[in-house]
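*Asks:* Okay, here's the structure, questions in a sec.
The values are calculated or read from the model by the stated rules, or taken from the named source; none is laboratory data. What you see is a predicted model; the values in this text were computed from it and never measured. In this analysis, Cβ positions are derived from the backbone assuming ideal geometry, glycine residues included, and neighbour counts consider all displayed protein chains.
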Amino acid sequence: MKGLIFIPIIAVITVLGGCAKDATVNKEPVIFEIRQGDSMHAVANRLYQSKAIKDPARFRILAKLMRKDRSIQSGVYRINANELYRDVINKFAEGKTYSVRMTVPEGHNIFQIAELVENLGFDTKENFLSVVRAPELLARYNIPPGLSLEGYLFPDTYFIPLNHKSRQIVEMMLSQFDRVVDRKLRNIIEQRGMTLHKVLTLASIIEKESSVEHEKPVISGVFHNRMRKGMKLQADPTLIYSLFLAGEWDGRIRFRHFNIECPYNTYRYVTIPPGPISSVGLTSIQAAIFPAKVDYLYFVAMSPGGEHYFSKTLKEHNAAVDKYIRGR
(Lines give C-alpha, C1' and ligand atoms only; values in the text may rest on other atoms or scores of the structure.)
Protein backbone atom coordinates (compact mmCIF):
# COMPACT_ATOMS: atom_id res chain seq x y z
CA MET A 1 0.00 0.00 0.00
CA LYS A 2 2.84 2.39 0.86
CA GLY A 3 4.32 1.90 -2.59
CA LEU A 4 1.01 2.66 -4.29
CA ILE A 5 0.71 5.97 -2.40
CA PHE A 6 4.39 6.91 -2.70
CA ILE A 7 4.59 6.80 -6.52
CA PRO A 8 1.76 9.30 -7.27
CA ILE A 9 3.12 11.75 -4.67
CA ILE A 10 6.56 11.65 -6.32
CA ALA A 11 4.90 12.21 -9.71
CA VAL A 12 2.99 15.21 -8.41
CA ILE A 13 6.10 16.71 -6.80
CA THR A 14 8.09 16.20 -10.01
CA VAL A 15 5.50 17.80 -12.27
CA LEU A 16 4.51 20.63 -9.94
CA GLY A 17 8.08 21.30 -8.92
CA GLY A 18 8.83 23.24 -12.07
CA CYS A 19 11.82 21.35 -13.45
CA ALA A 20 13.47 22.34 -16.74
CA LYS A 21 11.04 20.19 -18.71
CA ASP A 22 8.14 22.22 -17.33
CA ALA A 23 8.98 25.45 -19.13
CA THR A 24 8.21 26.65 -22.64
CA VAL A 25 11.00 26.34 -25.17
CA ASN A 26 10.21 29.28 -27.45
CA LYS A 27 12.98 31.90 -27.59
CA GLU A 28 10.59 34.72 -28.58
CA PRO A 29 7.06 35.44 -27.33
CA VAL A 30 4.36 33.39 -29.08
CA ILE A 31 0.86 34.77 -29.67
CA PHE A 32 -1.49 31.85 -29.12
CA GLU A 33 -5.28 31.64 -29.50
CA ILE A 34 -7.61 29.38 -27.56
CA ARG A 35 -10.85 29.00 -29.48
CA GLN A 36 -14.29 28.65 -27.94
CA GLY A 37 -14.83 25.00 -27.00
CA ASP A 38 -11.15 23.98 -27.24
CA SER A 39 -10.16 21.06 -25.00
CA MET A 40 -6.92 20.97 -23.04
CA HIS A 41 -5.83 18.12 -25.29
CA ALA A 42 -6.27 20.32 -28.39
CA VAL A 43 -4.57 23.28 -26.71
CA ALA A 44 -1.55 21.22 -25.65
CA ASN A 45 -1.18 19.77 -29.13
CA ARG A 46 -1.33 23.21 -30.77
CA LEU A 47 1.21 24.58 -28.28
CA TYR A 48 3.48 21.72 -29.38
CA GLN A 49 2.84 22.50 -33.06
CA SER A 50 3.62 26.17 -32.34
CA LYS A 51 6.98 25.01 -30.90
CA ALA A 52 6.17 26.55 -27.54
CA ILE A 53 6.36 23.24 -25.61
CA LYS A 54 8.17 19.93 -26.17
CA ASP A 55 5.91 17.63 -24.16
CA PRO A 56 2.15 18.09 -24.65
CA ALA A 57 1.36 15.05 -22.48
CA ARG A 58 3.29 16.52 -19.55
CA PHE A 59 1.47 19.84 -20.05
CA ARG A 60 -1.92 18.06 -19.96
CA ILE A 61 -1.01 16.05 -16.86
CA LEU A 62 0.04 19.17 -15.00
CA ALA A 63 -3.19 20.96 -15.95
CA LYS A 64 -5.19 17.98 -14.65
CA LEU A 65 -3.19 17.83 -11.40
CA MET A 66 -3.82 21.55 -10.95
CA ARG A 67 -7.54 20.88 -11.61
CA LYS A 68 -7.55 23.50 -14.33
CA ASP A 69 -7.79 21.31 -17.39
CA ARG A 70 -11.52 22.07 -17.71
CA SER A 71 -11.44 25.78 -16.87
CA ILE A 72 -9.40 27.26 -19.70
CA GLN A 73 -10.89 30.39 -21.30
CA SER A 74 -10.96 31.35 -24.94
CA GLY A 75 -8.93 34.33 -26.11
CA VAL A 76 -5.55 35.39 -27.43
CA TYR A 77 -2.59 34.85 -25.10
CA ARG A 78 1.08 35.77 -25.06
CA ILE A 79 3.36 32.83 -24.24
CA ASN A 80 6.65 34.22 -22.99
CA ALA A 81 10.05 32.62 -23.54
CA ASN A 82 10.91 29.97 -20.94
CA GLU A 83 7.60 30.50 -19.14
CA LEU A 84 6.71 27.79 -16.60
CA TYR A 85 3.92 25.44 -17.63
CA ARG A 86 2.00 26.16 -14.43
CA ASP A 87 2.10 29.90 -15.15
CA VAL A 88 0.80 29.34 -18.67
CA ILE A 89 -1.98 27.09 -17.35
CA ASN A 90 -2.95 29.66 -14.71
CA LYS A 91 -3.02 32.31 -17.40
CA PHE A 92 -5.38 30.19 -19.52
CA ALA A 93 -7.64 29.41 -16.55
CA GLU A 94 -7.83 33.01 -15.33
CA GLY A 95 -8.43 34.41 -18.81
CA LYS A 96 -5.40 36.71 -18.71
CA THR A 97 -5.50 37.36 -22.42
CA TYR A 98 -2.89 39.35 -24.32
CA SER A 99 -3.98 42.97 -24.47
CA VAL A 100 -3.02 45.92 -26.61
CA ARG A 101 -3.01 49.39 -25.11
CA MET A 102 -5.27 51.87 -26.88
CA THR A 103 -5.40 55.48 -25.68
CA VAL A 104 -8.30 57.59 -26.88
CA PRO A 105 -7.57 61.28 -26.14
CA GLU A 106 -10.31 63.65 -25.06
CA GLY A 107 -11.72 65.35 -28.14
CA HIS A 108 -11.16 62.47 -30.58
CA ASN A 109 -14.15 61.88 -32.83
CA ILE A 110 -15.47 58.56 -34.13
CA PHE A 111 -13.46 58.85 -37.34
CA GLN A 112 -10.20 59.30 -35.42
CA ILE A 113 -11.07 56.46 -33.04
CA ALA A 114 -11.82 54.26 -36.07
CA GLU A 115 -8.32 55.06 -37.36
CA LEU A 116 -6.84 53.95 -34.01
CA VAL A 117 -8.80 50.70 -34.08
CA GLU A 118 -7.61 49.92 -37.60
CA ASN A 119 -3.99 50.97 -37.02
CA LEU A 120 -3.77 48.70 -33.96
CA GLY A 121 -4.99 45.79 -36.05
CA PHE A 122 -8.33 45.13 -34.32
CA ASP A 123 -10.76 45.83 -37.14
CA THR A 124 -11.39 48.02 -40.17
CA LYS A 125 -12.48 51.64 -39.95
CA GLU A 126 -15.61 50.77 -41.88
CA ASN A 127 -16.65 48.06 -39.42
CA PHE A 128 -16.07 50.35 -36.46
CA LEU A 129 -18.11 53.18 -37.98
CA SER A 130 -20.89 50.70 -38.75
CA VAL A 131 -21.00 49.54 -35.11
CA VAL A 132 -21.15 53.07 -33.66
CA ARG A 133 -24.20 53.71 -35.85
CA ALA A 134 -25.98 50.46 -34.90
CA PRO A 135 -29.67 51.27 -34.16
CA GLU A 136 -29.85 49.02 -31.08
CA LEU A 137 -26.90 50.82 -29.47
CA LEU A 138 -28.39 54.23 -30.24
CA ALA A 139 -31.68 53.14 -28.69
CA ARG A 140 -29.86 52.14 -25.49
CA TYR A 141 -28.97 55.81 -24.91
CA ASN A 142 -32.06 57.39 -26.50
CA ILE A 143 -29.92 58.83 -29.29
CA PRO A 144 -32.01 60.03 -32.24
CA PRO A 145 -32.04 57.59 -35.19
CA GLY A 146 -29.54 58.29 -37.92
CA LEU A 147 -26.86 59.64 -35.58
CA SER A 148 -24.00 57.76 -33.91
CA LEU A 149 -22.44 57.05 -30.52
CA GLU A 150 -20.30 60.17 -30.93
CA GLY A 151 -19.76 61.66 -27.48
CA TYR A 152 -20.68 58.43 -25.68
CA LEU A 153 -17.36 56.64 -26.33
CA PHE A 154 -15.47 57.66 -23.24
CA PRO A 155 -11.89 58.87 -23.81
CA ASP A 156 -9.48 56.79 -21.74
CA THR A 157 -6.67 54.24 -21.95
CA TYR A 158 -7.97 50.74 -22.64
CA PHE A 159 -6.19 47.38 -22.57
CA ILE A 160 -7.97 45.40 -25.26
CA PRO A 161 -7.59 41.66 -25.88
CA LEU A 162 -5.99 41.09 -29.25
CA ASN A 163 -8.96 39.16 -30.67
CA HIS A 164 -11.53 41.87 -29.89
CA LYS A 165 -13.45 43.42 -32.75
CA SER A 166 -15.27 46.72 -33.07
CA ARG A 167 -18.42 45.68 -31.17
CA GLN A 168 -16.43 44.52 -28.14
CA ILE A 169 -14.28 47.67 -28.16
CA VAL A 170 -17.34 49.89 -28.38
CA GLU A 171 -18.96 47.99 -25.49
CA MET A 172 -15.82 48.55 -23.37
CA MET A 173 -15.94 52.28 -24.08
CA LEU A 174 -19.65 52.48 -23.33
CA SER A 175 -19.13 50.63 -20.03
CA GLN A 176 -16.53 53.19 -19.03
CA PHE A 177 -18.92 55.99 -20.03
CA ASP A 178 -21.61 54.46 -17.79
CA ARG A 179 -19.16 54.26 -14.87
CA VAL A 180 -18.10 57.91 -15.19
CA VAL A 181 -21.45 59.41 -16.21
CA ASP A 182 -23.26 57.54 -13.47
CA ARG A 183 -26.82 57.75 -12.18
CA LYS A 184 -25.93 60.50 -9.70
CA LEU A 185 -24.61 62.75 -12.47
CA ARG A 186 -27.55 61.95 -14.74
CA ASN A 187 -29.96 62.88 -11.95
CA ILE A 188 -28.23 66.25 -11.62
CA ILE A 189 -28.63 66.79 -15.37
CA GLU A 190 -32.35 66.02 -15.12
CA GLN A 191 -32.79 68.27 -12.06
CA ARG A 192 -31.31 71.17 -14.04
CA GLY A 193 -33.85 70.66 -16.80
CA MET A 194 -31.33 69.35 -19.32
CA THR A 195 -30.98 66.13 -21.28
CA LEU A 196 -27.89 63.94 -21.36
CA HIS A 197 -27.69 64.19 -25.14
CA LYS A 198 -27.74 67.99 -25.17
CA VAL A 199 -25.21 68.16 -22.32
CA LEU A 200 -22.83 65.90 -24.24
CA THR A 201 -23.35 67.91 -27.41
CA LEU A 202 -22.43 71.18 -25.71
CA ALA A 203 -19.63 69.49 -23.72
CA SER A 204 -18.08 68.15 -26.93
CA ILE A 205 -17.86 71.68 -28.38
CA ILE A 206 -16.32 72.94 -25.14
CA GLU A 207 -13.89 70.01 -25.28
CA LYS A 208 -12.71 71.01 -28.73
CA GLU A 209 -12.55 74.74 -28.01
CA SER A 210 -10.11 74.58 -25.11
CA SER A 211 -7.79 72.18 -23.31
CA VAL A 212 -7.31 74.70 -20.49
CA GLU A 213 -9.35 73.25 -17.64
CA HIS A 214 -10.21 76.46 -15.76
CA GLU A 215 -11.50 78.07 -18.96
CA LYS A 216 -14.09 75.43 -19.74
CA PRO A 217 -16.86 76.74 -17.43
CA VAL A 218 -16.28 80.25 -18.85
CA ILE A 219 -16.56 78.99 -22.44
CA SER A 220 -19.70 77.13 -21.38
CA GLY A 221 -21.01 80.41 -19.95
CA VAL A 222 -20.40 82.15 -23.28
CA PHE A 223 -22.31 79.45 -25.18
CA HIS A 224 -25.19 79.49 -22.70
CA ASN A 225 -25.38 83.30 -23.05
CA ARG A 226 -25.43 83.08 -26.83
CA MET A 227 -28.13 80.42 -26.81
CA ARG A 228 -30.31 82.49 -24.48
CA LYS A 229 -29.99 85.45 -26.85
CA GLY A 230 -30.75 83.34 -29.94
CA MET A 231 -27.25 83.88 -31.34
CA LYS A 232 -25.36 81.35 -33.42
CA LEU A 233 -22.61 79.55 -31.51
CA GLN A 234 -20.20 80.05 -34.43
CA ALA A 235 -17.81 77.40 -33.15
CA ASP A 236 -15.03 76.34 -35.53
CA PRO A 237 -15.00 72.73 -34.22
CA THR A 238 -18.57 72.23 -35.44
CA LEU A 239 -17.55 73.42 -38.88
CA ILE A 240 -14.61 71.01 -38.86
CA TYR A 241 -16.92 68.16 -37.85
CA SER A 242 -19.26 69.05 -40.71
CA LEU A 243 -16.29 68.59 -43.04
CA PHE A 244 -15.42 65.25 -41.38
CA LEU A 245 -18.97 64.06 -42.08
CA ALA A 246 -18.65 65.17 -45.70
CA GLY A 247 -15.25 63.46 -46.01
CA GLU A 248 -13.70 66.82 -46.89
CA TRP A 249 -11.59 67.68 -43.84
CA ASP A 250 -7.95 68.19 -44.86
CA GLY A 251 -6.72 70.17 -41.87
CA ARG A 252 -7.72 73.64 -43.09
CA ILE A 253 -10.87 75.77 -42.88
CA ARG A 254 -11.49 77.81 -46.01
CA PHE A 255 -13.85 80.76 -46.45
CA ARG A 256 -16.28 78.73 -48.56
CA HIS A 257 -16.68 76.20 -45.73
CA PHE A 258 -18.46 78.63 -43.42
CA ASN A 259 -21.71 78.25 -45.36
CA ILE A 260 -21.56 74.47 -45.78
CA GLU A 261 -25.06 72.99 -45.48
CA CYS A 262 -24.82 70.64 -42.52
CA PRO A 263 -26.87 70.67 -39.29
CA TYR A 264 -23.59 70.55 -37.33
CA ASN A 265 -22.40 73.85 -38.83
CA THR A 266 -23.08 76.46 -36.13
CA TYR A 267 -22.02 79.25 -38.49
CA ARG A 268 -25.08 78.48 -40.60
CA TYR A 269 -27.65 77.35 -38.02
CA VAL A 270 -28.71 78.96 -34.73
CA THR A 271 -29.53 75.72 -32.92
CA ILE A 272 -26.90 73.51 -31.34
CA PRO A 273 -25.87 70.49 -33.44
CA PRO A 274 -28.06 67.38 -33.41
CA GLY A 275 -25.40 65.49 -31.46
CA PRO A 276 -21.87 65.61 -30.02
CA ILE A 277 -18.86 66.24 -32.27
CA SER A 278 -16.23 64.34 -30.26
CA SER A 279 -15.51 62.19 -27.25
CA VAL A 280 -15.93 64.11 -24.01
CA GLY A 281 -14.00 64.15 -20.74
CA LEU A 282 -15.62 64.62 -17.33
CA THR A 283 -14.46 68.23 -16.85
CA SER A 284 -16.13 69.31 -20.09
CA ILE A 285 -19.35 67.53 -19.08
CA GLN A 286 -19.28 69.31 -15.73
CA ALA A 287 -18.62 72.63 -17.47
CA ALA A 288 -21.65 72.11 -19.72
CA ILE A 289 -23.84 71.41 -16.68
CA PHE A 290 -22.40 74.20 -14.52
CA PRO A 291 -21.52 77.18 -16.75
CA ALA A 292 -19.72 80.13 -15.17
CA LYS A 293 -21.91 83.17 -14.54
CA VAL A 294 -20.26 85.63 -16.92
CA ASP A 295 -21.38 88.44 -19.24
CA TYR A 296 -19.12 87.39 -22.11
CA LEU A 297 -20.48 86.66 -25.58
CA TYR A 298 -17.22 86.14 -27.49
CA PHE A 299 -13.77 84.62 -27.11
CA VAL A 300 -10.64 84.26 -29.21
CA ALA A 301 -7.48 82.22 -28.64
CA MET A 302 -4.53 84.38 -27.65
CA SER A 303 -2.15 81.72 -28.97
CA PRO A 304 -2.60 78.38 -30.75
CA GLY A 305 -3.79 75.84 -28.17
CA GLY A 306 -3.50 78.43 -25.39
CA GLU A 307 -5.79 80.54 -23.26
CA HIS A 308 -8.55 82.74 -24.64
CA TYR A 309 -9.45 86.41 -24.48
CA PHE A 310 -13.11 86.89 -23.54
CA SER A 311 -15.22 89.87 -24.65
CA LYS A 312 -18.65 91.28 -23.82
CA THR A 313 -19.13 93.26 -27.04
CA LEU A 314 -18.53 92.65 -30.73
CA LYS A 315 -16.36 95.77 -30.90
CA GLU A 316 -14.09 94.47 -28.15
CA HIS A 317 -14.01 91.04 -29.77
CA ASN A 318 -13.03 92.43 -33.18
CA ALA A 319 -10.19 94.34 -31.55
CA ALA A 320 -9.03 91.10 -29.88
CA VAL A 321 -9.18 89.28 -33.21
CA ASP A 322 -7.05 92.00 -34.80
CA LYS A 323 -4.54 91.70 -31.99
CA TYR A 324 -4.34 87.94 -31.50
CA ILE A 325 -5.25 86.49 -34.91
CA ARG A 326 -4.46 88.98 -37.65
CA GLY A 327 -1.44 90.26 -35.77
CA ARG A 328 0.25 86.84 -35.72
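*Asks:* Could you tell me whether any residue of the stretch 56-72 is of a type in the set (S, T, N, Q), surrounded by fewer than 17 Cβ atoms within 10 Å (Cβ to Cβ) and under 23 Å from F159 (Cβ atoms)?
*Replies:* yes
*Asks:* Right, something else. With the structure loaded, tell me whether N26 is more than 30 Å from S242 (Cα to Cα), at pLDDT 95 or above and among the polar types (S, T, N, Q) or whether it fails that test.
*Replies:* For N26, the condition - more than 30 Å from S242 (Cα to Cα), at pLDDT 95 or above and among the polar types (S, T, N, Q) - is not met.
*Asks:* Evaluate the following for V30: is it within 25 Å of K165 (Cβ to Cβ), free of Cβ contacts under 8 Å to residues at least 60 places away in the same chain and β-branched (V, I, T)?
*Replies:* Against the criterion (within 25 Å of K165 (Cβ to Cβ), free of Cβ contacts under 8 Å to residues at least 60 places away in the same chain and β-branched (V, I, T)), V30 qualifies.
*Asks:* Another question, if that's okay. Within the stretch 33-81, count every residue that is on the phi > 0 side of the Ramachandran plot, in a strand (DSSP E or B) and of a type in the set (D, E, K, R).
*Replies:* Counting residues in the stretch 33-81 that are on the phi > 0 side of the Ramachandran plot, in a strand (DSSP E or B) and of a type in the set (D, E, K, R) gives 0.
*Asks:* Separate question: Do you know which residues across the stretch 142-157 are touching a residue at least 60 places away in the same chain (Cβ under 8 Å) and within 15 Å of the chain's Cα centre (by Cα)?
*Replies:* Scanning the stretch 142-157 gives S148, E150, G151, Y152, L153, F154, P155.
*Asks:* Counting only residues that are closer than 15 Å to V222 by Cβ and either aliphatic (A, V, I, L, M) or not in a helix (DSSP H, G or I) (or both), how many does the stretch 264-299 have?
*Replies:* 14
*Asks:* From the list S220, S148, which residue is part of a loop (DSSP other than H, G, I, E, B), touching a helix residue (DSSP H, G or I) at 6+ places or on another chain (Cβ under 7 Å) and of a type in the set (G, A, S)?
*Replies:* S148
*Asks:* How many residues are polar (S, T, N, Q) and part of a helix (DSSP H, G or I) when one looks only at the stretch 177-210?
*Replies:* 4
*Asks:* Something else: List pairs: first residue in the stretch 188-199 and in contact (Cβ under 8 Å) with a residue 60 or more places away in the chain and more than 17 Å from L153 (Cα to Cα), second residue among the aliphatic types (A, V, I, L, M) and in a helix (DSSP H, G or I) anywhere in the structure, Cβ distance under 6 angstrom, at least six positions apart or on different chains.
*Replies:* I189/L196; I189/V199
*Asks:* Hey, another quick one. Among the numbered criteria (1) under 15 Å from the mean Cα position of the chain (by Cα); (2) at pLDDT 95 or above, which one does I160 miss?
*Replies:* Of the numbered conditions (1) under 15 Å from the mean Cα position of the chain (by Cα); (2) at pLDDT 95 or above, the odd one out for I160 is (2).
*Asks:* Condition first: surrounded by 15 or more Cβ atoms within 10 Å (Cβ to Cβ), over 12 Å from the mean Cα position of the chain (by Cα) and either in contact (Cβ under 8 Å) with a residue 40 or more places away in the chain or in a helix (DSSP H, G or I) (or both). Now tell me which residues in the stretch 89-109 satisfy that.
*Replies:* Matches in the stretch 89-109: I89, K91, F92, A93, T97, Y98, S99.
*Asks:* Just a yes or no: is a residue in the stretch 243-252 basic (K, R), modelled with pLDDT under 95, within 29 Å of S303 (Cα to Cα) and assigned by TED's automatic domain parsing to the domain that holds Y269?
*Replies:* Looking for residues that are basic (K, R), modelled with pLDDT under 95, within 29 Å of S303 (Cα to Cα) and assigned by TED's automatic domain parsing to the domain that holds Y269, one finds at least one in the stretch 243-252, hence yes.
*Asks:* Next question. Name the residue that is nearest to D178 (Cα to Cα), counting only residues in the stretch 231-287 that are aromatic (F, W, Y) and over 21 Å from the mean Cα position of the chain (by Cα).
*Replies:* Y264
*Asks:* Here's a follow-up. Going by what's in this entry, would M172 be described as out of contact with any Gly (no Cβ under 8 Å at 6 or more places or on another chain) and either part of a helix (DSSP H, G or I) or buried (at least 17 other Cβ atoms within 10 Å of the Cβ) (or both)?
*Replies:* Yes, satisfied.
*Asks:* For the list (1) surrounded by 18 or more Cβ atoms within 10 Å (Cβ to Cβ); (2) small (G, A, S); (3) part of a loop (DSSP other than H, G, I, E, B), I need the number of the one condition that G121 fails.
*Replies:* Just one mismatch for G121, condition (1).
*Asks:* Can you name the residue in the stretch 302-318 that is buried (at least 17 other Cβ atoms within 10 Å of the Cβ) and out of contact with any Ser or Thr (no Cβ under 8 Å at 6 or more places or on another chain) and is also farthest from D178 (Cα to Cα) among such residues?
*Replies:* So the residue we want is S311.
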